[in-house]
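K.L.:
Dropping a structure here in structure tokens format, bear with me for questions.
The values are calculated or read from the model by the stated rules, or taken from the named source; none is laboratory data. As the structure is a computational prediction, the values presented were derived from the model and not from experiment. No Cβ is skipped: glycine too gets one built from the backbone with ideal geometry, and neighbour counts run over all protein chains shown.
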Amino acid sequence: MTNNKKGILLGLMAYAVYASHDALVKDLGAAYSPFQILFFSMLFGFPLISMQLIRDTKAANLRPRHPWWVALRMTSMLITTVSVFYAFSVLPLAQTYSILFSVPLTVTILSVPILGERVGLHRGLAVLVGLVGVLIVVRPGSQELSLGHLAALVGAFCSALNAIIVRKIGRDERDVVMVIFPMLGMFIAMAVLLPINYLPMPIEDLGKTAAVSILGLIALNLIVAAYRDAEASIVAPMLYSQIIWATILGYFLFGELPDQITYLGAGVIILSGMYIVFRESHSNNSANTPVLRTRTRFMVGPALRVSHFLRGRKTK
């Protein structure tokens, strides 16, 4: 098996695991608030992430070099995670994914003012077409827009902002700084908000929150393996395979069957995102390749960056 084929297989496996992670979040969201789900998943995930951070042996202190950007990253991660968890709990999985697939489009837009990226005609048109796809999925005017739709849109925007911040300061800040500060900030915020709508959790549901953390880490390591074996432009489109798993899991676990308009909008968004990846990887018009270097999906929780594991690897 060639490296690219192996990377594709690993990428597909990773996003299947991520979809299972999201289905668990949706299942828990039927009974518990996003704050409670996030609090316990972070509680169980902290030891797992800490073990991964041991890899960072750089001799330096924990003082951020860009404190305001680190604070903004923490805020964007918090808003993303709460918004996405809420969207999963109230919207069909496939519809939520369709909206969240707009992250590459938003990354492209935000890269202009923050990274100084020049977006040419081709990528600019792809962004516009993708935004039309978002409108097709959301359908303002033809259906009542819920708080869930707004949460998914906010989650997509803040996830893109987080990706751009990582691209801007990631080379200067230690991975420990990029993860520990947001993790502690989010954990404290969730602890403060937890009593607002707290419900006692049976051991089975506590096990599900632990599984959310474990599945997230398994998926991350599969993505890392995929990018080690294959070219980024080959692995990146595997993100969109989640729509298949969303349909399967949504139907069998939650009785969801998205309509054709949702799939039409998702198709438009996916094609736009894939075209942006293609343009970044096959032309010299992108100085920062912001979408191609967003090596994982929308950010949920204080996960480690894929680049943390890929340092020292030759770019393919």
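K.L.:
Given the criteria over 16 Å from Leu264 (Cβ atoms) and touching a residue at least 24 places away in the same chain (Cβ under 8 Å), does Arg118 qualify?
P.N.:
The answer is yes for Arg118.
K.L.:
From Thr108, Thr96, which residue is of a type outside the set (Phe, Trp, Tyr) and within 27 Å of Arg171 (Cβ to Cβ)?
P.N.:
That would be Thr108, the only listed residue that is of a type outside the set (Phe, Trp, Tyr) and within 27 Å of Arg171 (Cβ to Cβ).
K.L.:
If you don't mind, there's one more thing I want to ask. Given the criterion free of Cβ contacts under 8 Å to residues at least 24 places away in the same chain and within 14 Å of Ser272 (Cβ to Cβ), identify the matching residue among Leu145, Leu128. Give the steps one after another, and end with the answer.
P.N.:
On the way: Leu145 fails: within 14 Å of Ser272 (Cβ to Cβ).
Of Leu145, Leu128, the one residue that is free of Cβ contacts under 8 Å to residues at least 24 places away in the same chain and within 14 Å of Ser272 (Cβ to Cβ) is Leu128.
K.L.:
For segment 217-235, give me the residue count where each residue is in contact with a Ser or Thr (Cβ under 8 Å, 6 or more places away or on another chain) and crowded, with 20+ Cβ neighbours inside 10 Å.
P.N.:
Here the count works out to 3.
K.L.:
A further question follows. Hey, among the residues in segment 169-188 that are out of contact with any helix residue (DSSP H, G or I) (no Cβ under 6 Å at 6 or more places or on another chain) and part of a helix (DSSP H, G or I), which one's surrounded by the fewest Cβ atoms within 10 Å (Cβ to Cβ)?
P.N.:
Among them, the one singled out is Ile188.
K.L.:
How do the pairs read when you match residues in segment 203-229 that are touching a residue at least 24 places away in the same chain (Cβ under 8 Å) with residues anywhere that are of a type in the set (Phe, Trp, Tyr) and surrounded by fewer than 19 Cβ atoms within 10 Å (Cβ to Cβ), using Cβ under 9 Å and keeping only pairs 6 or more apart or on different chains?
P.N.:
Once the first residue is touching a residue at least 24 places away in the same chain (Cβ under 8 Å) and sits in segment 203-229, its partners that are of a type in the set (Phe, Trp, Tyr) and surrounded by fewer than 19 Cβ atoms within 10 Å (Cβ to Cβ) give Leu206/Phe44; Thr209/Phe44; Ala210/Phe44; Ala211/Phe44; Val212/Phe44; Ser213/Phe44; Ser213/Phe46; Ile214/Phe44.
K.L.:
Select, from Ala156, Ala163, the only residue that is closer than 30 Å to Pro140 by Cα and modelled with pLDDT under 90.
P.N.:
Every option except Ala163 fails the conditions.
K.L.:
Let me ask you something else. Report yes if Leu24 is at pLDDT below 95 and of a type outside the set (D, E, K, R), otherwise no.
P.N.:
It is false that Leu24 is at pLDDT below 95 and of a type outside the set (D, E, K, R).
K.L.:
Do we find that Ala191 is crowded, with 22+ Cβ neighbours inside 10 Å and out of contact with any Cys (no Cβ under 8 Å at 6 or more places or on another chain) in this structure?
P.N.:
no
K.L.:
With respect to Ala191, determine if the residue is modelled with pLDDT under 90 and of a type in the set (A, V, I, L, M).
P.N.:
Numbers: modelled with pLDDT under 90: no; of a type in the set (A, V, I, L, M): yes.
Taking the combined requirement at face value, the residue does not satisfy it.
K.L.:
List every residue pair whose Cβ atoms sit under 7 Å apart, with the two residues 6 or more apart in sequence or on different chains, where the first one lies in segment 239-255 and is closer than 18 Å to Ser272 by Cα and the second, anywhere, is among the charged types (D, E, K, R) and surrounded by 20 or more Cβ atoms within 10 Å (Cβ to Cβ).
P.N.:
Close Cβ pairs (under 7 Å, with a partner that is among the charged types (D, E, K, R) and surrounded by 20 or more Cβ atoms within 10 Å (Cβ to Cβ)) amount to Leu239/Arg297.
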